[in-house]
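The structure appears right after this line, and notes come after that.
Throughout, read-outs are computed from the coordinates displayed, never taken from laboratory work. In this text, all values refer to a predicted model and were calculated from it rather than measured experimentally. Using ideal geometry, Cβ is built from the backbone for each residue, glycine included, and neighbour counts are taken over all protein chains shown.
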Amino acid sequence: MSGKGAPELTVTNCSDLRVAVIAAQWHQQVMDGLVDGALRAVREYGIDEPTLLRVAGSFELPVVAKALARRGYDAIVALGVVIRGDTPHFDYVCQGVAAGLTQVSIESGVPVGFGVLTCDTEMQALDRAGLPGSSEDKGREVVTAAIATATTLRLVSEPWR
C-alpha cells in the first residue's frame, strides 16, 4: 500500500485561507472521488468557499496553478490521473506535470498540493480515489498537505519581533 507510513498532520487556524482545487477531467470516476475528497477536506478545515476549476487533463494543471498563484491564493491543490499505457506518453506527461507544478510552487511561494495519481492500472487509481471501498483518499491527503504547508509558511513569513 502506497499510503503506508503517511504522517498524521494537524492543521489549525486556516479558515481564512484562500484555497483552489484544480482537477483534470480524464478518468471521471477516479476524478469524482478525488474532487469529492478534496472539497470535503477543505470544508472540514472551515474553508467555506474554495475555488474549483476543471481542466482538460493533467498536463494543463501547471499553467492554471500558475494563474491562481498570481491571483493570491494561499494554497492550490492539483488533482489528476495518468495511467500507464503502451507508449512513453505516460512518462512525458508525468514528468511535465510534476516539474511544472513544482516550478509554480517554488517560484510563487504558494504550496501546490500534488494530487496527480500516476498508476499502472485503473484499479490502482480507483483504490486511491477515496471512493467507497478505496484504501486511500488522496484528494483529502493532498488538501491536508497543502493547507498544512500554507500555515507553516505563515509562521516563517512573519517578521521577527
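Quick look at the numbers
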read-out: Low-density loop positions, GluC sites (Glu not before Pro), the range 1-81 - DSSP coil, at most 12 other Cβ in 10 Å; value: Glu8
read-out: Label-point separation in nm, Asp86 to Ala99, each point 7 Å along Cα→Cβ; value: 2.8 nm
read-out: Size descriptor, Kirkwood hydrodynamic radius, that averages inverse alpha-carbon separations across the range 19-154, Å; value: 14.6 Å
read-out: Potential lengthening between Leu155 and Ala56 on full extension [0.36 nm per residue; Cα-Cα distance subtracted]; value: 32.1 nm
read-out: Positive minus negative residues near Arg18 (Lys, Arg vs Asp, Glu; Cβ under 11 Å); value: -2
read-out: Cα centre as origin, Lys/Arg/Asp/Glu Cβ charges: the chain dipole, Debye; value: 420 debye
read-out: Shape metrics for the range 91-161, restricted to C-alpha atoms - Rg then Dmax, Å; value: 15.3, 52
read-out: Inter-label distance, nm, simple model (7 Å from Cα along the C-beta direction), Met123/Asp16; value: 4.9 nm
read-out: Rg/Rg_ref, the range 58-135, where Rg_ref = 2.2 N^0.38 Å and atoms are Cα; value: 1.18
read-out: From phi via Karplus (6.51, -1.76, 1.60), per-residue ³J(HN,Hα) for the range 105-117 in Hz, x at Gly/Pro; value: 5, 5, 5, 8, x, 9, x, 10, x, 8, x, 9, 6
read-out: Farthest positive-ward along the chain dipole, Cα basis, beta-carbon charges - from Val35, Gly109, Gln25; value: Gly109
read-out: Per-residue ³J(HN,Hα) for the range 38-46, Karplus 6.51 cos²θ - 1.76 cosθ + 1.60, θ = phi - 60°, Hz, x for Gly and Pro; value: 5, 5, 4, 5, 4, 5, 5, 7, x
